[in-house]
Each structure stands twice: as structure tokens, then as C-alpha cells.
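A quick write-up on the structure given underneath.
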Amino acid sequence: MKLLAVVASILFFISVSFAQTMPKDADPALWAKALKIHKQAIVVDGHNDITSPLVDEDTDLRTSTVGNFHLGGDPFHTDIARLKAGGVTGEFFAIYVSGSTMKTGGAMRRAMDMIDATNREVERNPDSFTSCTTAAEIRRAKKQKKICVLMGIEGGYVIEDSLYALRNFYRMGVRYMTLTHNVATNWADAHRDERHGGLTEFGKEVVREMNRLGMFIDISHVSVKTMNDALDVTTAPVIASHSSARGVNDHTRNVPDEVLNRVAKNGGVIMINFLPAFLDARVAKESGERSVKLRDQVAAIRERHKGDQRAIDEAIRKLEEANPIYSVNVSRIVDHIDHIKKITGSIDNIGLGSDFDGVPNLPDGMNGAEDMVQVTYEMLKRGYSETDIKKVLGENLLRAMSQMEKVAGNRQISGSGSLKKLTPPKVN
């Protein structure tokens, strides 16, 4: 009878939502418990790049994306049904702008297009989505059984070295800014592009202004020196919206142990990225080796299908599938959670930042936003309490967001010191 009750619980959950991918070796009773906890929790995902195809491919989130592929050949991870199945309460839509705009220009225009596309998704789907800018609004969305759409800038190029622009992005609803992407801004070093020795004086002013407004400083993608400079300056919690632990995988996109400790003291949150290459060094190594091995074949494909990007993408995808590399499953995500907890001595500074639709692949068995519950299941397997699991799923981010809002207070947007004339150095 007990087994029948467990099966009935699973079937009921699936019947009211899109089906999650149950791990092949899952214990049915523990899986049912994970589903229950996940459904009760406030789940906040720190980073989702679905915004780019909303603009570039006219993607409609009302339509199933399962089995479909982006231009570029990567599978989709997000649509409304999949977000609901994943129990997502708050989703940060990434306002991503490439570092190439440092040379070409157009960063602010690109960001405006993406903000408009995000807002149109909310307007078209009021029964499913609601715009949010505060921790209280995320909690309200949970009660309303809606998905809270938030926005975070990825790449400080978008402000074009202007505090005026930064303030206007805040007014439009942006609640975090990743200080760089993979290329340094005129005022902050990136993880693989170090020009300034961290933050310039103007960069420090940007951090202070973000504190004053009530916008998270996001230290994903930046150099370690930039991470430390931001922590030296900020008076509010920081986040790494989609980065993992360098102590588990020594990748420049991950956060080193000494910074993990500083973020814990700061009250911030490290939100684990799901990309296998960031989770495990062997994946990154074999991926690079495969690229070298297949280089000539890929060049031949591009020549053979010149002018037909879909055909190029499909052929390259099939070629890579025929040449598989090592991968990981969701347990590797929880390895990073374990490590951060061990280093900081607390579960209070860990969250999830999937990077859905911004990464080429996910851990084995995870297909998209519907499978967020797999992290809950793996944490249960390792003996984490329901309280601790809910902290990682969203409560830690909400606590940090509330604290960040308190630091900002009720100051006027044009308050004292916000118009300081600082000219950032130009990079040749």
C-alpha cells in the first residue's frame, strides 16, 4: 500500500505539470519526497539566456521547445510549461551583451531590445508570468502561482561608461549587473582579460552606485582581482549569478575558496552553473581535445553547407554525437554545493544559476528547466534537510536580496554623489 501511495503521489504531481525526468536509479519514495519539497519551495534561478533567442529567433515561450535547437545547434531548455514543471518561482532573464560591442558599439541598443522582448513575454502571458523587482514580489508570485520574471544585465558594456545609463536600467527593472562578460570593460577586468588590475576608480564608483540603487553586483565572469575589489567596496551582498566552485574545478569562470569565504562574510550568494565543463575539469579537457580532432571535418561541413546555418548546426551536432566525450550527472552540481558549504561552514551562501539556453549541454539526464527537481533529489540523497534544500533553491537569494534592498533604502535616484564626473580610461 505504501508503494502504491508513493506512485500515486508521483502520478498526481506529473498530471498537473509537464513531466520531469526521473533519474534511472531513483528511489521512488525519495523522489516523491523531492517532488513535494520542490513544489513547496520558492525556486529562484539566477541566470537564463532564453532572452537572446526571444530577440534573434522570435522564440515563443508558449510553444514547447522540447527537442528543438537554437541557431548554433544547442538544444533549448526553456518554455513556460518547462519552467512550471521545474517549480520555478523566480527566473532571471539575462540581458546579455557581448564584449565585441567594445569595438563595434551598440551595447545599449542591444540591451534595450532584450528588455523589450522580456517585457513582451510578461505582457503576452499574464496568467503565467509577472514582472518582479523585489524579494517581496517573488514571495507574492509564489502565492499567486505565477513565475516571477526578473532581469539581470550580463556584461557591464551596456551602460557605456555612464552612471546615468546605470540608473535608467535600474528604473527599467534590472536588479543585477554582471560587471563584465569574457572581455574587460573600460573599468573592470574579466576572468580571461585582465587590463586594469581589477576595478578602476570608475569601476568602484559603479559598485557604489549599484549599492545605492539596490542592484546586485554580480561577480560571475570577472577576474579574481575584480571579485576582491568589488567585495572591498560594496556595502551590500554580492552574487555570482552563474558560477561554480574553483576548488572542485579549477576553471577561471569559477570562484576560488578565498573569495567564497569573503562572499559568505558579505552575506552574498554563489549560484551554481550547470554547464558540465564548469563542473568538471575532465569535461573541459576532452571538449577541447575533440574540437582539435574534429576541426577539419567541421571546416568541411561549413564549406559544404555554406549559407545554410541550420544544416551546418545539424551536421556538426551529429558529428559530435558520433564522437562523445566524458560527461557528468546532476550529482556533480551537488559536489559544488558540498564544497562551498565545507569551505564557508554554512549552507546560507549557495544558490542555483542554471545558465539554461546559454550553455551547449547540461549534465546527463537533465534536459531543461523541468529538471531542476533533480538537484533537490540529489541533496536529499546526501542527507540535506528540507530547510537547507529550500535555502539553496531560493531562500538564500531572497535573504540577500532583502538585505541589498535595505542597504539601498528609500534614497532618491538622483541622490548625493551620484553625478560625480569620472571619466573611465579608454582601452585601445
Q.
without any contact (Cβ under 8 Å) to a residue 40 or more places away in the chain, of a type in the set (Asp, Glu), farther than 16 Å from Asp49 by Cα and buried (at least 17 other Cβ atoms within 10 Å of the Cβ): which single residue out of Asp189, Asp161 fits that description?
A. Asp189
Q: Show the residue pairs that are 6+ apart or on different chains and have beta-carbon atoms under 6 Å apart, the first residue being within the range 111-137 and in contact (Cβ under 8 Å) with a residue 24 or more places away in the chain and within 21 Å of Gly214 (Cα to Cα), the second being of a type in the set (Val, Ile, Thr) and in a loop (DSSP other than H, G, I, E, B).
A: Ala111/Val97
Q. Could you say which residue among Lys306, Lys285 is assigned to a loop (DSSP other than H, G, I, E, B), of a type in the set (Lys, Arg) and over 18 Å from the mean Cα position of the chain (by Cα)?
A. Lys306
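Can you work out which of the residues in the range 240-254 that are of a type in the set (A, V, I, L, M) and touching a helix residue (DSSP H, G or I) at 6+ places or on another chain (Cβ under 7 Å) is nearest to Ser354 (Cα to Cα)?
Ala245
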Q. Can you tell me how many residues in the range 368-387 are buried (at least 18 other Cβ atoms within 10 Å of the Cβ), out of contact with any Asp or Glu (no Cβ under 9 Å at 6 or more places or on another chain) and not hydroxyl-bearing (Ser, Thr, Tyr)?
A. 6
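Residue under question is Leu352, and the condition is that it be within 30 Å of Glu258 (Cβ to Cβ), of a type in the set (A, V, I, L, M), touching a strand residue (DSSP E or B) at 6+ places or on another chain (Cβ under 6 Å) and crowded, with 20+ Cβ neighbours inside 10 Å; does it hold?
Working: within 30 Å of Glu258 (Cβ to Cβ): yes; of a type in the set (A, V, I, L, M): yes; touching a strand residue (DSSP E or B) at 6+ places or on another chain (Cβ under 6 Å): yes; crowded, with 20+ Cβ neighbours inside 10 Å: yes.
Here the answer is yes, as Leu352 does meet what is asked.
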Q: Take Thr226 and decide whether it is on the phi < 0 side of the Ramachandran plot, crowded, with 20+ Cβ neighbours inside 10 Å, free of Cβ contacts under 8 Å to residues at least 60 places away in the same chain and in contact with a strand residue (DSSP E or B) (Cβ under 8 Å, 6 or more places away or on another chain).
A: yes
Q | Number of positions in the range 54-112 that are out of contact with any strand residue (DSSP E or B) (no Cβ under 8 Å at 6 or more places or on another chain) and of a type in the set (Gly, Ala, Ser) | A | 10
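From the residues in the range 192-223 that are under 25 Å from Arg246 (Cβ atoms) and small (Gly, Ala, Ser), which one is surrounded by the fewest Cβ atoms within 10 Å (Cβ to Cβ)?
Here the answer is Gly197.
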Q | Among residues of the range 92-130, those that are closer than 24 Å to Val373 by Cα, touching a helix residue (DSSP H, G or I) at 6+ places or on another chain (Cβ under 6 Å) and surrounded by 18 or more Cβ atoms within 10 Å (Cβ to Cβ), counted | A | 4
Q) Quick one: how many residues across the range 316-341 are under 23 Å from the mean Cα position of the chain (by Cα), small (Gly, Ala, Ser) and either assigned to a loop (DSSP other than H, G, I, E, B) or at pLDDT below 95 (or both)? A) 1
Q: State all residues of the range 117-133 that are assigned to a helix (DSSP H, G or I) and closer than 20 Å to Gly87 by Cβ; if no residue qualifies, say none.
A: Glu121, Val122
(Q) With the structure loaded, tell me whether Asn48 is surrounded by fewer than 16 Cβ atoms within 10 Å (Cβ to Cβ) and touching a Phe, Trp or Tyr at 6+ places or on another chain (Cβ under 9 Å) or whether it fails that test. (A) no
Q) Only one of (1) at pLDDT below 95; (2) surrounded by fewer than 20 Cβ atoms within 10 Å (Cβ to Cβ) fails for Phe13. Which number is that? A) (2)
**Q.** Residues located in the range 330-384, provided they are small (Gly, Ala, Ser) and closer than 14 Å to Pro276 by Cβ
**A.** Ser331, Ser354, Gly358, Gly365
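The values are calculated or read from the model by the stated rules, or taken from the named source; none is laboratory data. What you see is a predicted model; the values in this text were computed from it and never measured. Backbone-built Cβ (ideal geometry, glycine too); neighbour counts: all protein chains shown.
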